[in-house]
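Novice: Quick one: the structure is below, questions incoming.
The values are calculated or read from the model by the stated rules, or taken from the named source; none is laboratory data. Source: prediction; values computed, not measured. When we count neighbours, we look across all protein chains shown, and the Cβ atoms used for this are built from the backbone with ideal geometry, even at glycine. When the accessible area is computed, the model is the full protein with side chains, heavy atoms only, and any ligands, DNA or RNA have been set aside. Shrake-Rupley method; radii C 1.70, N 1.55, O 1.52, S 1.80 Å.
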Amino acid sequence: MVTQPPPKSKKKPQLVLNIFIWEATQNKEKDLRSMDGASTKGVLSHLSLLEVQARSRKTQPQQPSRVKELKAKAEALMTQRDQLKAEIETHKSLQKLRASMDKQRTHEEEEEEMAEDSDNSQLLRLMARHTQLKDLLHAHDIIGGYNIIKTRKGKGLCISLTTAYNGVYLENYNLEMDLKPTLRISRDNIPPFIPLKSLAEQSNMQTDIRTLLDPLSQHLNAFAARKQQFKLVKELHKSVQVMESNALCSLLVLMFTVPREKTAVLCSLEYTDHTRCLPTRVHFECEDKGLPDSPQWKKNGSLLMETPVHKALITMKKMGDIV
Amino acid sequence: MDESTKRLLQRLMRRIPTQMLRTTLDKWGRLTGEQLQSMDFTQSKWALTEKLLAICEENELAVKHITELEMIYIIDNPNQGMWYAFQLMDPEDDAHSVELTQFKEQFKSHLRELIRHVSVKIKKHTDEAVWIRIAWGDTFSRPNHMKPTYVVHSLQTPYVFVTSLTSKQKPLLSQALVLSARYQAIKDANLSGRKLTAIRDLLMRQYHQVFPTRYPTPLAENNQTVSNQHIEREQAVPAANRLQAAYEAFGGGMLPQLQSAVYKLETKFRDHSNKTMTEREEPFRCVVKFASTNLLESLRHCASSGIASTPVTPLLSSIPLKGKNYFVITDNGPGPSSQMRQPQN
């Protein structure tokens with residue numbers, strides 16, 4: 001492949017090497033034995049030519065246009081430097097202002113008077129407040145709105161998870177955590193049938209604590225909701241007998257009495273999805289084998305799957321299906 | 001009714017206090033209204049026993065009915081004897097969906113496979129706990145109803161509470177429990193006490209625990225006589241801090257009643273004034289036992305009154321935190337789960 005000789009107008013040392021390479025490629029067809037000698041001669045002569053040119057250039061004065069160029073460049077760089085300096089100053093005063101704002105928030109002291117009460121300082125104060133609010137929103141985002149406080153002078157955290165159902169606050173659960181060497185749960189009052197350990201292992205809590213808190217809150221709220229539903233069934237529906245339930249509130253077996261015939265229907269509600277408060281399976285058992293398949297009871301079955309049990313029972317009573 | 005059944009009933013009658021007799025018999029439901037009326041509860045226990053024996057003969061009751069009565073009495077009065085806690089480990093995938101009938105059948109069949117002559121009675125209590133009564137026999141003799149083992153377990157929790165179990169019976173029970181509850185192993189939870197309700201509440205975290213909050217509610221303080229206004233004023237903040245630390249470590253309100261905590265030390269002797277002991281290579285074996293009618297209450301008071309320094313040492317706060325009252329302490333780092341690191345002191 002023949003390449004164009006490099007432009008001689010760019011007077012750089014790189015040029016020498018390029019010429020050497022070009023010469024070498026040009027002399028490829030020549031006799032191998034004599035190639036070295038011939039190419040070397042060619043390159044050396046070029047080298048000496050360049051050396052002479054370089055020596056003469058040193059004594060020549062700079063071209064005027066070039067000088068103008070460089071002067072303009074210098075000015076541009078100086079303006080840029082001044083701009084950056086001004087930005088740094090603003091940033092510094094903003095940080096100072098922000099630091100005093102943060103201190104104000106925690107100590108609730110009297111607001112310090114700014115030295116100059118000019119528009120400039122007003123603007124700065126607004127900007128500082130803006131960054132403060134942005135950081136606050138970001139922090140809220142990170143912790144997902146859970147109630148977290150620092151403990152042991154910043155060495156620990158205590159997270160409070162609330163549960164609620166039907167607009168009523170129920171139990172509060174707490175997690176106490178160590179921050180060093182890694183984030184680790186040190187104490188909790190989560191009931192043993194909530195799989196806290198496996199949720200912690202499956203989560204990414206070192207980088208995003210919400211990967212632990214959100215599923216945990218889901219489990220706890222669903223458990224509290226089911227527990228509340230079971231409690232309401234016992235309180236509001238004395239005619240329905242609770243045959244079996246368990247600590248996790250994932251199973252409820254009720255005994256219904258059908259009016260008129262006075263037959264007993266055993267109803268099993270299984271809540272296998274522990275993050276939900278509605279059953280995953282409803283099963284009826286009755287001496288009258290045909291009853292569970294009747295359209296009325298099929299409707300009751302889907303009602304129990306879709307409505308919280310204590311409310312579903314109200315409907316079933318109204319429809320006259322149970323006593 | 002044969003002799004052994006009679007003796008069982010007599011023994012049971014000696015156990016049940018007279019004031020509880022009426023309600024227990026009522027719950028039992030094996031006596032007719034008139035029969036119950038005919039029993040004069042002002043008579044002596046011996047007389048009542050004779051009367052009850054006669055009624056049971058009349059109703060042709062057998063051993064299984066008497067054991068029913070015993071179970072009812074024990075379930076209502078579980079805080080007697082010594083209860084030991086065990087923990088089931090490594091649940092199988094279907095451990096969470098084990099339901100009562102399945103557990104009952106599985107337990108009975110597994111236990112019967114392991115030991116031929118055994119009498120098992122399982123009952124579900126209203127608080128979702130499953131009670132199991134086991135009377136053990138062996139290849140040659142019938143089940144001995146005089147020394148039954150009682151087991152309490154809540155499905156979907158890993159805890160099992162046992163009383164009156166011999167070391168020979170332990171592996172059999174363990175095997176049956178592990179298989180029927182769908183776990184892979186069972187271990188000693190190192191917690192024991194006279195009150196079942198206390199050790200159960202401790203492990204199931206069913207007592208009031210105090211956590212640090214932004215707006216702490218004022219804690220209940222002992223009514224101490226104000227000795228000196230100045231001391232009160234000076235000590236107000238440190239006293240409040242000690243109280244908070246004590247309540248966070250042990251809990252608030254009524255604490256589960258533990259009777260003892262045992263620390264088995266296997267650490268090197270450390271006292272520079274006693275060269276002979278410190279020079280020994282082997283660890284100095286020593287057992288430290290704390291005993292009280294309500295151990296946790298006492299320890300909490302030690303911390304809040306300043307006798308024990310706050311923050312409370314992990315040696316003491318581990319009792320409620322880990323739900324254990326038996327610890328083995330070595331010099332090295334954490335060993336098996338029952339061990340604890342000794343604090344640098």
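Novice: Output yes when any residue across segment B:319-328 is in contact with a helix residue (DSSP H, G or I) (Cβ under 8 Å, 6 or more places away or on another chain) and β-branched (Val, Ile, Thr), and no when none is.
Specialist: Yes, segment B:319-328 contains at least one residue that is in contact with a helix residue (DSSP H, G or I) (Cβ under 8 Å, 6 or more places away or on another chain) and β-branched (Val, Ile, Thr).
Novice: While we're here: Across segment B:66-95, which residue is farthest from B:Thr149 (Cα to Cα) among those that are buried (at least 17 other Cβ atoms within 10 Å of the Cβ) and not hydrophobic (A, V, I, L, M, F, W, C)?
Specialist: Taking the candidates together, the pick is B:Pro91.
Novice: Quick one: which of A:Asn204, A:Asn166 is over 20 Å from A:Glu270 (Cβ atoms), touching a residue at least 60 places away in the same chain (Cβ under 8 Å) and more than 11 Å from chain B (Cβ to nearest Cβ)?
Specialist: A:Asn166
Novice: Continuing with the same structure: Please enumerate the residues belonging to segment A:287-306 that are farther than 14 Å from A:Ser268 by Cα and either aromatic (Phe, Trp, Tyr) or surrounded by 16 or more Cβ atoms within 10 Å (Cβ to Cβ) (or both).
Specialist: Answer for segment A:287-306, where residues must be farther than 14 Å from A:Ser268 by Cα and either aromatic (Phe, Trp, Tyr) or surrounded by 16 or more Cβ atoms within 10 Å (Cβ to Cβ) (or both): just A:Leu291.
Novice: Another one. Give just the number: which of (1) within 14 Å of chain A (Cβ to nearest Cβ); (2) within 22 Å of the chain's Cα centre (by Cα); (3) acidic (Asp, Glu) does B:Glu92 not satisfy?
Specialist: Here B:Glu92 meets the rest and fails (2).
Novice: Answer yes or no: is there a residue in segment A:210-221 that is basic (Lys, Arg) and closer than 29 Å to A:Ile185 by Cβ.
Specialist: Within segment A:210-221, one or more residues are basic (Lys, Arg) and closer than 29 Å to A:Ile185 by Cβ.
Novice: Let me ask another. Among the numbered conditions (1) without any contact (Cβ under 8 Å) to a residue 12 or more places away in the chain; (2) within 9 Å of chain B (Cβ to nearest Cβ), tell me where A:Pro191 comes up short.
Specialist: (1)
Novice: Follow-up. Is it the case, given these coordinates, that B:Val152 is within 14 Å of another protein chain (Cβ to nearest Cβ) and not in a helix (DSSP H, G or I)?
Specialist: When the stated conditions are applied, B:Val152 passes them.
Novice: Take the residues in segment A:178-188 that are without any contact (Cβ under 8 Å) to a residue 24 or more places away in the chain and within 15 Å of A:Glu201 (Cβ to Cβ), then tell me which one is nearest to the other protein chains (Cβ to nearest Cβ).
Specialist: Result: A:Asp188.
Novice: Those residues that are among the β-branched types (Val, Ile, Thr) and in a loop (DSSP other than H, G, I, E, B), I need them from segment A:178-210; list them, please.
Specialist: A:Thr182, A:Ile190, A:Ile194, A:Thr207, A:Ile209
Novice: Moving to a separate point now. Looking at the structure I just gave you, is A:Leu199 at negative phi, within 14 Å of chain B (Cβ to nearest Cβ), touching a helix residue (DSSP H, G or I) at 6+ places or on another chain (Cβ under 9 Å) and open to solvent by less than 10 Å² (accessible area, probe 1.4 Å)?
Specialist: Taking the combined requirement at face value, the residue does not satisfy it.
Novice: Within segment B:302-320, can you find the residues that are in a helix (DSSP H, G or I), surrounded by 15 or more Cβ atoms within 10 Å (Cβ to Cβ) and touching a residue at least 60 places away in the same chain (Cβ under 8 Å)?
Specialist: B:Ala303, B:Ser304, B:Leu316, B:Ser317, B:Ile319, B:Pro320
Novice: Please pick out the residue among B:Ala236, B:Ala240, B:Ala246, B:Ala261 that is hydrophobic (A, V, I, L, M, F, W, C), within 34 Å of the chain's Cα centre (by Cα) and open to solvent by 50 Å² or more (accessible area, probe 1.4 Å).
Specialist: B:Ala240
Novice: Quick check on segment B:116-142: of everything there that is in a loop (DSSP other than H, G, I, E, B) and either surrounded by 19 or more Cβ atoms within 10 Å (Cβ to Cβ) or touching a Lys or Arg at 6+ places or on another chain (Cβ under 9 Å) (or both), which residue is modelled with the lowest pLDDT?
Specialist: Within segment B:116-142, the match that is modelled with the lowest pLDDT is B:Thr139.
Novice: Here's something else I'd like to know. Against the condition surrounded by fewer than 18 Cβ atoms within 10 Å (Cβ to Cβ), touching a residue at least 60 places away in the same chain (Cβ under 8 Å) and more than 38 Å from the chain's Cα centre (by Cα), how does A:Gly320 come out, does it pass?
Specialist: Yes.
Novice: Residues that are touching a residue at least 24 places away in the same chain (Cβ under 8 Å), at least 2 per element: which helices (runs of 4 or more DSSP H) completely within segment B:1-101 meet that?
Specialist: Result: B:3-15, B:18-28, B:45-58, B:63-76.
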